[in-house]
Amino acid sequence: MALIELSRLEEAVEGARRREIDRDAEELLRWAHGLLGNQVMMTTSFQKGGMVLLHMVRECVPSLPVFFIDTGRHFPETLEFADRIRRDWGINLIIERSPARDRFFSDPDGNLCETDPDLCCHLNKVVPSRQIVGRHQGWITAIRRYQASTRVHADTLEILDGGKLKVQPLAFWTRERVNAYLLEHEVPIHPLHLKGYPSIGCAPCTRPCFDPANERAGRWAGQKIECGLHTFSRGRAGAPAKRPAC
C-alpha cells in the first residue's frame, strides 16, 4: 500500500476523533490497519501495556508486524518471555538490531552503557527505531500517560514529522485498567514484573522500583526516564487532547 498524503492523513485522524474511534483500543487498531494496511506496525518490549496490545492484535489483526528491538543487553527473562509469546501466540515477531558496524565502532569494549548511557540508548534503541519507522507510515505503541511526567501529554493519535502516524490505543488507560485487562483475559506477564520491576529495559540499567507514582524510576539509576525511543520524532498535530483517564 502506498503512503497516504499528509492532508488525507490529517483528515482521517480528525474523522476518527469525531467518531470517537480513538476511545476504543481494539477499534482503533482495526481502524489503523484498515487505513494504512502493510504500512503500519507495532513495537513492543513485552511489558504489561505491550501484552495488552499484543492480546488485542492477536484477535484483531494477527498478521500485524510486531518489532522487538534486541539491544544485546536484555535480561534473559525478557528474551525467554519474548520467545514464549512468539511461539505460543503465533505473532508476526520481527527482531531488529542496530547495525553491527555501528555497534562495534561506538562500543568496542561493550561498556558503553556505563560510560555513556545516552549514546548507548541512541545507538541500540533510537537508531533501529528510526529504521523501523522509516520503513512504515504507522507506528503502534503501548504508551500510557500515567507512566511518567514525560508521557502525560500522550494522545491516542499523533501525527509526527514526515507524515508518520503514531497510534497509542492505551494512552488514556489507568494502571488499574491495564492490570484488570491482564487479569480478566488471563494474559501472561513478564516474570520480572513479579519481582518488583514495574518497568523493564536493559539489564545493566534497570532496577526494581516501588514508587507507584513513577514506574520508570528504576531505569538508569534515576538519571533519566526516557531512552529516546519515544522522543526522537516530534508531533505536529497541535495541542494534546484533554480527556479523563479511562
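The values are calculated or read from the model by the stated rules, or taken from the named source; none is laboratory data. Just so it is clear, the structure is predicted and the values come from calculations on it, not from any experiment. Please note: Cβ atoms are built from the backbone with ideal geometry, for glycine as well, and neighbour counts cover all protein chains shown.
List of remarks:
- Matching residues in the stretch 76-85 - criterion: being of a type outside the set (Val, Ile, Thr), touching a residue at least 40 places away in the same chain (Cβ under 8 Å) and buried (at least 18 other Cβ atoms within 10 Å of the Cβ): 81
- For the stretch 107-117, the count of residues that are touching a Phe, Trp or Tyr at 6+ places or on another chain (Cβ under 8 Å), under 21 Å from residue 219 (Cβ atoms), outside any helix (DSSP H, G or I) and modelled with pLDDT under 95 is zero.
- Close pairs (8 angstrom Cβ cut-off, 6 or more residues apart or separate chains): without any contact (Cβ under 8 Å) to a residue 40 or more places away in the chain and hydroxyl-bearing (Ser, Thr, Tyr) in the stretch 175-202, buried (at least 19 other Cβ atoms within 10 Å of the Cβ) and part of a loop (DSSP other than H, G, I, E, B) anywhere: 197/190; 197/218
- Criterion violated by residue 34 - all others in (1) at pLDDT 95 or above; (2) under 18 Å from the mean Cα position of the chain (by Cα) satisfied: (2)
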